[in-house]
1. What is the order of PHE150, PHE108, PHE258, fewest Cβ neighbours within 10 Å to most?
2. If each residue's Cβ is checked for other Cβ atoms within 10 Å, how do LEU430, LEU451 rank with the fewest at the top?
3. For a Förster distance of 30 Å, can you work out the FRET efficiency between the beta-carbons of GLU448 and VAL406, rounded to the nearest 0.05?
4. To make sure I understand, if each residue's beta carbon is the centre and we count other beta carbons within 10 Å, what order do TYR154, TYR34 fall in, fewest to most?
5. Report, by chain and number, residues whose modeled amide H sits under 5 Å from the one on LYS459, excluding near sequence neighbours (fewer than 5 apart, same chain).
6. With the convex hull built on the Cα atoms of the stretch 481-545, state its orientation-averaged projected area in nm².
7. Measuring from centroid to centroid over Cα atoms, what is the spacing of the stretch 446-506 and the stretch 142-181 in Å?
8. State to the nearest 20 debye the size of the charge dipole of the stretch 194-355 about its Cα centre, where the only charges are +1 on K and R beta carbons and -1 on D and E beta carbons.
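The numbers here are math on the coordinates, done by the rules we state, and not lab data. Because the structure is a prediction, the values reported are computed rather than measured. So basically every Cβ, Gly included, is an ideal-geometry build from the backbone, and we count neighbours across all protein chains shown.
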Amino acid sequence: MTSMTGADVLFSCLKAQGVRAVFGMPGTQNIAVYDAFHRAGQGIAHYLVRHEQGATMLANGYARITGDAGVALTVPGPGAANAATGVLDAQSDCVPVLLLVGGFEKQFARRDRTKMFHGLDQKAFFKPISRFFGRPKSVGEIPELVEEAFRAMYSGRPGPAVLEIPPDLAAETITEKLEIPAPVARGVDDPVQRRKLTPAVNRIRKMKRPVILVGVDCVAAQARDEVRLLAERLQAPIIYGRRGKGVVSDDHPLVVGFTRSRRSLSLLEQADGVIAIGVRFTQIDMLNWTTQLPANLVQFDRDPEELGREYEISAGVSGPLAPLLQAVNEDLEQKPADVDPHWVAQARAEHETWRASPPVPVLSQIRQVLPENGIVSVDITSTGYSCFDRFPVPGPRSLIYPCHSVSLGFAFPAAIGAKIAAPDRPVVSLSGDAGFVMGCFELGTAVEHRLNVVAVVVKDNCLSAIKGSQVQAFDGRHVDVHMRSPDFVTLAHSFGAHGISTGDVNSVPRLVQEALTRPGPTVIEVRMHDKVDQLIDGIPWLHGE
């Protein structure tokens, strides 16, 4: 009988779960796992990163575009700690990311972790920021733990998991045949109990000025069509949180925009009912939970613990969103709600006002030339804050952003992961100079694999948003917000990428269009160091939005 190592078993399990790519960096405690790539055959590609943070951020971008787990692989201790930022982002933004991390030999199981090579109690470290942590004690446990990890990532709202693989276990040889679990089922729908819907439907029928508030779980739960049909049946305006952008196309005449916009807040103040679907009511989306919602708040969510958790509700139903909403639509078809026609007209007028908003420098220039199937990955930067309300998208998985962990340096590594996930889709990242410096090491990965990712970098030599907040809070004073940034063209060339610099924002569309046709990555430096005050003036959250 052919022998297998623990690492071979691990790869067999990953392939069975549909994993096609792994992002990582080899080291002493995972060399046996890396050696298994030689025997894994076709099906799983490896992408070498330059920093372990890049591993989980590439995996994060990959997962956001595919909906499948993005997989990262690092050494323990500092490698795991570096990778933790991408895991934290996956936890707060509900993204399925699996971190495979090396561990310690089984014989040292009772030793103090701080006395060990790369010492870190990884189970305790990752507990607050992951859905599941597993450490197999034998090769035979690997299939079960991989299955548990994927079930944790895909059950209800997605989220991250961590598997620690002891190096001696990865290298251990077995001859017995192990059963490899089948792919974990996703979106298993229990039958809808119509009687449980009755209070919610009755509450909806009482709404004359309804608003529908949507979150990203409408996408993960494959309920987008049902959400759109409900909005059309009620002729209700649709408002979304950060992660809910694209649940319904921004072109739809009932979509009014982001929860924090003045339009949306005005509608919520006037509404006599809100239908929240797959929404977590996060701090950022709800303005520190100061956003006022009407007393008639009906909530649908896959997680029963979310019902009424942040806001008091008049009715709530937990369960699979698509069949639940289908049943609601059927009930409302038989006995419709009596929605005020003036409310409908107001919602459509708000949509037109929104779409006529003035352009945002750089962001709007990217939108001009990015094809409809394009992906934009946005960093924490002054020009990027407006992407939720001022960058129209045709649907989900078009805009990626670290919405709630707000991880600086996210955009470019995540864009690389997105391009690997969807090689036929154009991908552009937008960063400030500070954010790009944090993730620019992964230019090496993009060059190595000839990935056509376009990185637009706003070079203002300043932490503009922080300067704006300091000036606003402290009578015009600021400290350590101006900085020296590299020549990004020279930086790009040093990695073997193409680089170009411009001081004319109006040239950005042409430069992006040209870059999208060029093999390999391109860095477009947009010099705006003389426009810092203008950039600060355009930051929505500094001015009441």
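1. Taking fewest neighbouring Cβ atoms as first place, the list is PHE108, PHE258, PHE150.
2. LEU451, LEU430
3. 0.55
4. By the 10 Å Cβ count, ascending: TYR34, TYR154.
5. VAL526, ARG527, MET528
6. With every direction weighted equally, the projected area is 5.8 nm².
7. Computed from Cα coordinates, the inter-centre distance equals 40 Å.
8. The calculated dipole for the stretch 194-355 is roughly 80 debye.
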